[in-house]
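Below: one structure, written as structure tokens.
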Amino acid sequence: MNKWFVVYSLGVLKQKGAAILLTVVLLLIMVTLVTLYTGKIQSFEQQILLNTQNQIWANASAKAGLNQGLAILNVNKVWPNIEVTGNLEDNSTFSLSAISENLPGRRTLVTMTANGRSADGLARATVEEQSLVYPILFNTPPAPLMVQHGISNDGEFEIVSNPDGLGVSAPFSLWSDTEVTLSGTHHHSCTYSAFSEGNCSTNSYSDHSIKMADIMDASASFPADVVSYLFNIPATEWLQLQQQADFVLADCDSLDIGSWGLIWINGNCDVSASTQVGSESEPIILVIYDGDLEFHPDVAMYGLLLSFKPLGSLKNLDINMQTGSAVFGAVVSNYQLGTKSELARVVFNTDVMEQLQHSKKLQRVARVPGSWHDF
């Protein structure tokens with residue numbers, strides 16, 4: 001064999017070996033770089049995932065702060081003017097502050113700002129939302145007796161007037177969209193002093209012999225929808241009002257001095273003799289839905305009574321208050337009273353009417369739609 005051929009072959013083999021070695025080294029370097037790069041990417045992804053999770057926790061804790069604020073408002077109906085803090089089960093935390101703004105109609109707008117922080121403190125979130133604190137009773141009746149479609153000639157009423165219902169020293173007793181004829185001997189209105197002395201029938205503003213300015217009947221300003229006037233909810237949407245009730249009952253058997261809030265009665269309401277319902281400091285709103293009302297002797301109810309006849313009802317409804325019984329506050333009906341020759345007795349009480357809108361038990365809290373946003 002030619003020695004040059006051998007040398008050449010050995011040289012070629014060496015070159016091939018060097019090329020393979022170089023290729024392997026390069027491949028190892030590439031694999032190492034890819035491995036390092038992949039590890040770095042995974043580390044970044046893990047950090048992103050952790051940061052995302054922390055941000056979710058921070059947002060959740062901030063929202064929990066807003067919910068805590070809403071719960072405080074539901075209980076107190078006013079913001080306590082302090083910063084509220086809290087810890088969640090995952091060790092994330094929140095702080096909550098609020099600003100209150102008084103609005104017309106005895107309403108309060110509360111703007112709450114909550115700051116949430118993740119458990120490790122690396123992520124934070126801020127959210128804001130407004131809530132409205134408002135009285136269930138949107139408008140208090142200016143007259144103690146407010147009747148749609150008037151009172152039948154056979155019906156009777158005894159009313160203690162609102163002394164300033166039509167202006168200073170201008171008493172207001174009855175308000176109706178229909179003319180009221182004072183034909184019965186028990187049609188009379190008077191001052192509270194005359195009533196308390198038992199002289200309402202003999203020392204009256206208006207009676208069967210004369211109708212004075214305290215009775216505003218055939219009134220063009222009388223609301224077409226008394227339910228909407230009182231609660232800012234149309235009568236056709238009465239379910240919305242019922243849903244705001246504290247109690248929905250089938251009768252009035254359980255009513256007593258400890259009754260409170262908005263009470264909705266489906267059907268007839270009979271209150272036993274010598275029963276006090278509500279109190280001057282905690283009056284109630286009593287809605288009688290499609291039923292008769294009967295107060296037996298010496299029943300005293302404090303608050304607003306709404307006798308509500310739904311559209312389409314064929315029932316002949318009425319209100320009757322026997323000897324010594326009365327509503328201290330106001331009575332409203334959306335149908336003609338006195339069709340059964342019965343008696344409505346109402347004593348206007350300024351303190352009761354004030355409490356109907358000021359009492360915490362007769363106020364509600366609602367989130368303002370569209371007010372939530374984050375930063």
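The values are calculated or read from the model by the stated rules, or taken from the named source; none is laboratory data. The structure displayed is predicted, hence computed values, not measured ones. Cβ atoms come from the backbone with ideal geometry, glycine included; neighbour counts cover every protein chain shown. Heads up: the accessible areas ignore ligands, DNA and RNA and are worked out on the full protein's heavy atoms, side chains in. Shrake-Rupley method; radii C 1.70, N 1.55, O 1.52, S 1.80 Å.
May I ask for the Rg/Rh ratio of the stretch 207-317, computed from Cα atoms with Rh as the Kirkwood radius, given to two decimals? The partial results should precede the final answer.
Numbers: Rg = 15.5 Å, Rh = 15.4 Å.
Over the Cα atoms of the stretch 207-317, Rg/Rh equals 1.00.
Normalized C-alpha radius of gyration of the chain, against 2.2 N^0.38 Å? Each step should come with its number before you reach the end.
Values: Rg = 37.6 Å, N = 375, 2.2 N^0.38 = 20.9 Å.
Normalised Cα radius of gyration, the chain: 1.80.
Aspartates and glutamates near Lys77 by alpha-carbon distance under 15 Å, same-chain residues fewer than 8 away left out - which ones?
Lys77 reaches Glu101.
Using a 1.4 angstrom probe on heavy atoms only, work out the carbon and sulfur share of the accessible area of the stretch 226-357 in %.
Its accessible area is 47 percent carbon and sulfur atoms.
Please compute the net charge surrounding Ser325, taking Lys and Arg as +1 and Asp and Glu as -1 over other residues with Cβ under 10 Å from its Cβ.
-1
What cysteines in the chain have no other cysteine with a beta carbon less than 4.7 Å from their beta carbon?
Result for the chain is empty; each Cys has a Cβ neighbour under 4.7 Å.
Through the Karplus equation 6.51 cos²θ - 1.76 cosθ + 1.60, θ set to phi - 60°, convert the phi angles of the stretch 352-369 into ³J(HN,Hα) values in whole Hz; use x for Gly and Pro.
The phi angles translate into 5, 5, 5, 5, 4, 10, 8, 4, 4, 6, 10, 10, 10, 10, 9, 5, 7, x Hz.
Calculate, for the chain, the solvent-accessible area per residue in square angstrom, rolling a 1.4 angstrom probe over the heavy atoms of the protein chains. Kindly include the intermediate steps, with their values, before the conclusion.
Details: 19230 Å² over 375 residues.
Counting only protein heavy atoms, the per-residue value for the chain is 51 Å².
Nearest 10 degrees, 0 to 90: what angle lies between the long axis of helix 3-76 and the longest principal axis of the chain (Cα atoms)?
Once rounded, the angle reads 10 degrees.
How about Lys211: which aspartates and glutamates have a C-alpha closer than 15 Å to its C-alpha, ignoring those fewer than 8 places off in the same chain?
Qualifying aspartates and glutamates at Cα under 15 Å: Glu156, Glu158, Glu179.
Work the Kirkwood hydrodynamic radius out for the stretch 28-181: mean of 1/r over every pair of different alpha-carbon atoms, inverted, in Å. Before the final figure, lay out the partial values.
On the way: mean 1/r = 0.0474 Å⁻¹.
It works out to 21.1 Å.
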